[in-house]
Amino acid sequence: MSVRWHLFYLAIIAALLAALLWQGARLERAASAAQAIAAERLYRELRAAPERYQIVDLRAADEYEDGHLPQAIRLERSALAQAAIDRYRRTVVVTEDGDPVAFAHAAQALRRPVNLEGGMMQWRMSRLPEVSGLTDTGAIRRGKPG
């Protein structure tokens, strides 16, 4: 075979690899966008089907007691991998401001993670209901982890 044929085959392989990389990057961007949910939409979906999501709050204990989403389970970021939660259930990860780094860390331990866009700050700015203090004892019975 001549050198021209080798260059032709290499050009075809390079074009195919470039197309695969481009397609993979496009799918990854679409997947990351699908892993976030707006506060208003989450509220509507929780009202329609509260059992659809489990909510994991990764904020500090005092921030959690100051106010959290109904049915939220507070976990330490370091203890997420060992926590007794359903890893295959759609899980909303709540931070103070929708921190993508904290979400990426949590996503490693979960199969179907969803980031609350804007975090608890956006939830409050949308004036959506929250539970203050440790008064939501019914959530322990309703959304028992595990």
Residues of the range 114-123 classified as in contact (Cβ under 8 Å) with a residue 40 or more places away in the chain and surrounded by fewer than 19 Cβ atoms within 10 Å (Cβ to Cβ), total: 3
Residue in the range 86-93 that is in contact (Cβ under 8 Å) with a residue 60 or more places away in the chain and assigned by TED's automatic domain parsing to the domain that holds residue 71 present: yes
Selection count where residues are out of contact with any Pro (no Cβ under 9 Å at 6 or more places or on another chain), within 11 Å of residue 77 (Cβ to Cβ) and in a helix (DSSP H, G or I), scope the range 98-110: 3
Cβ pairs under 6 Å, 6+ apart, first in the range 37-50 and more than 14 Å from residue 129 (Cα to Cα), second of a type in the set (Asp, Glu): 38/117
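The values are calculated or read from the model by the stated rules, or taken from the named source; none is laboratory data. If you're wondering where the values come from, they're calculated on a predicted model, not measured in any experiment. Reconstructed Cβ throughout: ideal geometry from the backbone, glycine too, with neighbour counts over all protein chains shown.
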